[in-house]
1. Which residues, counting only those in region 508-531, are buried (at least 20 other Cβ atoms within 10 Å of the Cβ) and in a loop (DSSP other than H, G, I, E, B)?
2. Would you point out which residue out of 417, 449 is closer than 25 Å to residue 526 by Cα and surrounded by 16 or more Cβ atoms within 10 Å (Cβ to Cβ)?
3. Of the residues 233, 173, 207, only one is crowded, with 19+ Cβ neighbours inside 10 Å, at pLDDT 85 or above and under 26 Å from residue 462 (Cα atoms); which?
4. I need the helices (runs of 4 or more DSSP H) fully contained in region 1-115, keeping only those with at least 2 residues that are at pLDDT 80 or above and either touching a helix residue (DSSP H, G or I) at 6+ places or on another chain (Cβ under 9 Å) or surrounded by fewer than 19 Cβ atoms within 10 Å (Cβ to Cβ) (or both).
5. Condition check: within 25 Å of residue 352 (Cβ to Cβ) and touching a helix residue (DSSP H, G or I) at 6+ places or on another chain (Cβ under 9 Å). Does residue 421 satisfy that?
6. May I ask you to verify whether residue 488 is assigned to a helix (DSSP H, G or I), over 19 Å from the mean Cα position of the chain (by Cα) and touching a residue at least 60 places away in the same chain (Cβ under 8 Å)?
7. Those residues that are modelled with pLDDT of 80 or more and in contact with a strand residue (DSSP E or B) (Cβ under 9 Å, 6 or more places away or on another chain), I need them from region 433-459; list them, please.
8. Restricting to region 433-442, give me the number of residues that are outside any helix (DSSP H, G or I), touching a residue at least 60 places away in the same chain (Cβ under 8 Å) and touching a helix residue (DSSP H, G or I) at 6+ places or on another chain (Cβ under 6 Å).
């Protein structure tokens, strides 16, 4: 068999044709025998011409319709159509020969029996060889899996697995009573209640979730049920991703946190998406970042006239510009992509860009957002997040930009760290800018953690699990809000279009329920087929270590400072009414903050942040590395009270 498998393709086709040359005449003779209850010399001589003609007619037809081009081990249901077509054409041709040769006494039943027998032989012979080859080539070490979902996606996945050396499907699971007990690809469909028994019976190691069309809520319920088995769970992509109708083994992926959140995305309002973008000139700052790059992709779908990318990272800018240019070519979009390498601190360059391209809409995503890093580098955080926002807003006002949208964060609400305080101060700046002029509409969109962003905890946990642990967690009670990057970007674009004429709106995205990070870590371990090592399960393989809160880190995040919030026309977007600072007062405070930053006066910087951002309650002292080094080198002298005379 290995010798035959190693033969060149042309020789394998020749062997298949030779087998048909021998077996098809025998099939025709079998049809004669069945019709006449035996074979005699007279009968055979009567049909001799047709017996000889069978391979001469059939083989060329089979070659022409591509029967021999099909790779036997990868045959699918399409082979049935080809076999029926080929045999039918050959029988019709034989009947034509019988007429032309004036063999008029032939029984029509012979042709009917031969037609059925030839279809059975040609089709069954290929499928039997295919089944044998799959058995011969099957890897004994293949992972035994159960497919959850016996619908179209499940059937496609089972078909794909039959050609895979990595997996072997041993069970189907489905809640539909109508399909339970039936066989799909030779595998029985069982109810979910039988899964525990099936796992022991077949030594199942993984479960493949093949239900791409169900809601996120239902998907979360299924994952909740499967978590108890401590098996590795993988899922198929969404139904929208399966545009070609074919599900491949490589499409199956690890369970992501978006599957665990159980959050169904609301269909975007296309009118809101297009309002500030379609046929307009749009600038995105921080275009190479995780949020900025997704904003660019979503913006490109709305057909802007120009898309201006601004980022100070050369590689990030190159990567997003290359990606967007490829998307433009694929979409045949006339949009012009213009990448600018630069900083939002550079007022002169900003003015040149705004004046030259007469920009209509700005999405400001450029920011330092890593809490511990900004805590250790507070002045750089202030320069970028506060004064960078101010420079960009002033350039927009000067160029009479119509719309300006700031990407804010839930850490701006009652901030306990410098990063959150700077983002809240950026909100205050834009609110003040909105009140001092009427040309540019400013708004802010505030939301929590996005999945897959730089610094996200999810890829960190996944790497730690793959390395065998331990998982490092700051605190057992820490909770966070989560949202996918595409959903967040779509909501940002829609919120920007809902700004009132006078601007200054603070929009808050509905992030759903907060998630305990330790629960998330445990579920990721369980759905990877592993167990957490703790007192209750000492045989577990993955430990969870609590390393303590980092400087400025909060246990719980919030989205609103006060209770003054109202719903908008979009179910996931709210409008908050929060305290503002008039521009004249804020301007003076910003000048003082700028001087303090220039002089590296860390104590004054902290004092001014506390004064400007009333809700700022730092949870640690000044953590700047330079300041701490200076204090260590020159410790303050202890205060000695004057002696009483």
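The values are calculated or read from the model by the stated rules, or taken from the named source; none is laboratory data. Just so we're clear, the structure is a prediction, and the values are computed from it rather than from any experiment. Note that each Cβ is placed from the backbone with ideal geometry, even for glycine, and that neighbours are counted across all protein chains shown.
1. Across region 508-531, the qualifying residues are 511, 527.
2. 449
3. Only one candidate passes the filter, namely 207.
4. 9-36, 48-65, 78-100
5. no
6. So residue 488 fails the test.
7. 433, 434, 440, 441, 442, 443, 444, 445, 446, 447
8. Step one: list which residues in region 433-442 are outside any helix (DSSP H, G or I), which gives 437-442.
If we keep only those that are touching a residue at least 60 places away in the same chain (Cβ under 8 Å) as well, we get 438, 440-442.
Next, only the ones that are touching a helix residue (DSSP H, G or I) at 6+ places or on another chain (Cβ under 6 Å) stay: 440, 442.
Here the count works out to 2.
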